[in-house]
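Data block below; observations after.
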Amino acid sequence: MTVILEVKGVSKTYKLKRGRGILKAVDNVSFGVASGEIVGLLGPNGAGKTTLIKIIAGLASPDAGVVTIEGYRTDREREKAMRHVGGVIETPDLYPDWSGRRNLEYFASVQPPETVAGEGSAALSPKLRIKARIDEVLSIVGLSARQQDAVKKYSLGMKQRLGIAQALLGNPRMLILDEPANGLDPEGIREVRLLLHKLASEGMAILVSSHQLAEMQQMCDRVLIMSEGVLTREVGIKELEQGESRSHEIVIGTDDVDRCRAILTEKFNAAVREGEGGEIIAVCGAPIAEISKELVLGGVSLRSIGERRRNLEDVFLDATSRRVSEEDIGSV
């Protein structure tokens, strides 16, 4: 796969309110996104996701570091870099009384004609090539049959897909989407997910920021987890779901809590915590039969023992923490 986006050592600093110093909204973040890949960006409010998305999309400048898109550095060749990017930041900017097609015609008209028209057939004028491109993106997002309907009659999922069609007008190699499933019902979320999978299968590089962990687990190939401006974890979804390494939990019901905890940490190097129901939860790669045997031999009285595969929510909670209040941070 060809790397489309490279982020190297990117940082961005803001002043905190009431003269309380500074905050690194993005702190030395590095990663890449390749063609055909959907990468999710996760983090609690104030983690720096929005700032990072704006930097990549060319809407903000970093204080340090470099963003490269299709080989073009955004600080040196911004116009060339941005030609390869399409984005929907927050909600699509659509005119509700216009039809879906008229919206796309307008957005095509405010872009350089060669960006939308592309090379196309030499026999066609730029105007006809733009028309053909609008037909194409409407087909890609599944709105050809509804293209003449007013956008105000569209469902939220259809509006989101029209926003993606708008982002595709310039034939980008990469899509940047901020909360694409926000406010959608399950059917709308599924529509967007299937569309993104289709685009990725055709070679598009896609970066998605979202709070919806379950949906990101279904949508993405891997996710990046940010906390307080720092990229704390990178998780491959396939590896997570296959339960490799330390990605499963042993849930133990026992009254011998201290003895149980000691055996788990000493013999299996397990990360141990107490569950909401008082049970012991150990994150460990050892087989459950081996753990059960060692606990019994160690004199631990077991009421129950079982295994639960960890999901993205578990990993997210492990990787994030909050030390600075949102009130101090403001919008980062």
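Below are the figures for this structure:
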read-out: The chain - mean residue ellipticity at 222 nm from DSSP helices (-39,500 (n - 2.57) per run, n ≥ 4, rounded to 500); value: -10000 deg cm²/dmol
read-out: Surface share of carbon and sulfur [accessible, 1.4 angstrom probe, percent] for the chain; value: 47 percent
read-out: Of all DSSP beta bridges in the chain, antiparallel share, percent nearest 5; value: 70 percent
read-out: Relative contact order for the stretch 227-318, counting Cα pairs under 8 Å that sit 6 or more residues apart, in percent; value: 39 percent
read-out: Choice from ARG20, ARG193, ARG222 showing the highest fluctuation, given a GNM over the chain with Cα pairs closer than 10 Å; value: ARG20
read-out: Within-11-Å neighbourhood charge of ALA167 [Cβ basis; K, R +1; D, E -1]; value: 0
read-out: The chain, accessible area per residue, ligands and nucleic acids excluded (1.4 Å, Å²); value: 49 Å²
read-out: Convex hull volume per residue for the stretch 26-113, taking Cα atoms only, in Å³; value: 141 Å³
read-out: Projected label distance in nm at SER144 and ASP75, using a 7 Å step from Cα toward the beta-carbon; value: 4.6 nm
read-out: Binned Cα-Cα distances of the chain, short to long, each 10 Å bin given as a whole percent; value: 5, 22, 26, 22, 14, 7, 3, 1, 0
read-out: The chain, relative contact order [Cα under 8 Å, separation at least 6], %; value: 22 percent
read-out: Percentage relative contact order, the stretch 112-217, counting C-alpha pairs under 8 Å, at least six apart; value: 25 percent
read-out: Degrees between helix 257-268 axis and first principal axis of the chain (Cα, 0 to 90, nearest 10); value: 70 degrees
read-out: Peptide ranges 125-131, 206-212, 310-316 listed from the most packed, as the mean C-beta count within 10 angstrom indicates; value: 206-212, 310-316, 125-131
read-out: Peptides 83-89, 22-28, 288-294 ordered by average Cβ neighbours within 10 Å, highest first; value: 83-89, 22-28, 288-294
read-out: By accessible area with a 1.4 Å probe, ligands and nucleic acids excluded, highest first: order of THR2, THR51, THR115; value: THR2, THR115, THR51
read-out: P(r) of the stretch 115-233 over all Cα-Cα pairs, binned every 10 Å from zero, in whole percent; value: 12, 40, 31, 13, 4, 0
read-out: Rg over Rh [alpha-carbon atoms, Kirkwood Rh] for the stretch 63-150; value: 1.04
read-out: Quotient of Cα Rg and 2.2 N^0.38 Å for the stretch 166-277, N being how many residues it contains; value: 1.48
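The values are calculated or read from the model by the stated rules, or taken from the named source; none is laboratory data. Here the structure is a predicted model, which means the values were calculated and not measured. Cβ: placed from backbone, ideal geometry, glycine included. Neighbour counts: every protein chain shown. Note: accessible area is taken over every heavy atom of the protein model, side chains too, but ligands, DNA and RNA are not part of it. Shrake-Rupley method; radii C 1.70, N 1.55, O 1.52, S 1.80 Å.
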